[in-house]
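The values are calculated or read from the model by the stated rules, or taken from the named source; none is laboratory data. What you are looking at is a predicted structure, and each value in this text was computed from that prediction instead of being measured. Quick reminder, even Gly has a Cβ in these numbers, built from the backbone with ideal geometry, and neighbours come from all protein chains shown. The area values use the complete protein model at the heavy-atom level, side chains included, leaving out ligands, DNA and RNA. Shrake-Rupley method; radii C 1.70, N 1.55, O 1.52, S 1.80 Å.
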Amino acid sequence: MSREARAAEQDRAAGGRLTRAVDIGKGRCARASVALRLSRNTRRIRAYLRWSQEGETHERYVGEVDAATRAANLTQAWEIAHAAGYVTTEAVPPDSWASSPASRAVMSANKGRDTKPEKLLRSLLHRHGLRYRVGVRPLPDLRRTADVVFTKARVAVFVDGCYWHGCPEHHRPARKGAEFWQAKITGNRARDAETNEALRNAGWIVVRVWEHEDPEQAAQEVVKVVRSRQNAQSSTEDHG
């Protein structure tokens, strides 16, 4: 299991990243994880809380767990740790835009690059024989970064998250801080439209893919656009 996957597993079990905090004094917190160990003598599973403080790893015994799966045992261990007061929830900084620790954790977890939909689409495009650049500006002077760029064909692909870009099918307005988030998403959509226009005026083709779309269908659409542009360019060169 990768480091990222392990962190996600702990987040799910604890009920969020910000709920994995150990108070280490002076207003500081360390992010903890739960380790499960099977006792050779009793064959019982023991849970330990682990965290790093000033370069040293600290550990605290939480208790025994007896669920049927690893995920359930981790959840049970976190519940014990919270009930015993071994861990706390990180406070939202006074100047944070998030309305609660939970919303801050969710928004902080959103990646700006290399999301799962992006990586899957790139893998499929590569399988179709296409080569591309990742996370670059189609136009150096325009501060807009596309997720997949076909420089010679001048095709820019953007994989848009349903929440951040206001997907008409899956976007659900926030209940807390609704006015702020609505303005944020409206601004993102306006920026997307501005980006599309700027690139098209410069002779680029823009392809936008929603994160919920079928990856293979999205890949085929991109392949179709890129191949069409490549054929058109080749024809122009032949007649030139």
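Report the Cys residues of the chain lacking a disulfide-compatible partner, meaning no second Cys Cβ under 4.7 Å from their Cβ.
That list is C29.
Just the Cα atoms of the stretch 129-216: what Rg and Dmax do they give in Å?
Rg then Dmax for the stretch 129-216, in Å: 14.4, 45.
Using all Cα-Cα distances in the stretch 112-157, what percent lands in each 5 angstrom bin from 0 up to the longest?
5, 24, 30, 25, 12, 5, 0
Indicate the gyration tensor shape class of the chain (rounded, prolate or oblate), computed on the Cα atoms with a ≥ b ≥ c the square roots of the eigenvalues: a/c under 1.5 is rounded; otherwise a/b larger than b/c is prolate and the rest oblate. Write down the numbers at each step before the final one.
Working: a/c = 3.00, a/b = 2.04, b/c = 1.47.
Verdict is prolate for the chain.
Using a 1.4 angstrom probe on the protein heavy atoms only, line up K116, K184, K26 by accessible area, largest first. Don't skip to the answer; put the middle values down first.
Numbers: K116 165, K184 90, K26 195 Å².
If we order K116, K184, K26 from most to least accessible, we get K26, K116, K184.
Lys pairs in the chain, Cα-Cα under 25 Å, at least 8 apart or on separate chains: how many?
Close lysine pairs found across the chain: 9.
In whole Hz, what ³J(HN,Hα) sequence does the stretch 149-159 give by Karplus (6.51, -1.76, 1.60; θ = phi - 60°), x for Gly and Pro?
10, 9, 4, 5, 7, 6, 10, 10, 10, 10, 9
Helix-derived [θ] at 222 nm for the chain: sum -39500 (n - 2.57) over DSSP H runs of at least 4, divide by residue count, nearest 500?
-13500 deg cm²/dmol
If you plug each phi of the stretch 212-220 into the Karplus form 6.51 cos²θ - 1.76 cosθ + 1.60 with θ = phi - 60°, what whole-Hz ³J(HN,Hα) values come out, in order, with x for Gly and Pro?
Those phi angles translate into 8, 5, 4, x, 5, 5, 5, 4, 5 Hz.
If you plug each phi of the stretch 10-21 into the Karplus form 6.51 cos²θ - 1.76 cosθ + 1.60 with θ = phi - 60°, what whole-Hz ³J(HN,Hα) values come out, in order, with x for Gly and Pro?
Once rounded to whole Hz, the list reads 5, 4, 4, 5, 7, x, x, 5, 6, 8, 9, 8.
Return the long-range amide H neighbours of A153 (sequence gap of 5 or more, or a different chain), with a cut-off of under 5 Å between placed amide H atoms.
Under 5 Å from the amide H of A153: no residue qualifies.
With every protein chain left in place, what is the accessible area of W181 in Å² (1.4 Å probe, nearest 10)?
Counting only protein heavy atoms, W181 exposes about 20 Å² to solvent.
Take S228 and Q182, extend 7 Å from each Cα along the Cα→Cβ direction, and tell me the distance between the two endpoints in nm.
3.7
Sequence-distant or interchain residues sharing an amide H contact under 5 Å with H165, placed H: which?
So H165 has HN proximity to no qualifying residue.
Between R127 and R144, what length in nm is gained on full extension when 0.36 nm per residue of separation is reduced by their alpha carbon distance?
3.5 nm
When a/c is below 1.5 the answer is rounded, else prolate if a/b is larger than b/c, else oblate, so apply that to the stretch 1-41 with a ≥ b ≥ c taken from the square roots of the Cα gyration tensor eigenvalues.
Verdict is oblate for the stretch 1-41.
How much of the DSSP bridge set in the chain is antiparallel, in percent, rounded to the nearest 5?
Numbers: 26 of 32 bridges.
Once the DSSP bridges in the chain are tallied, antiparallel ones form about 80 percent.
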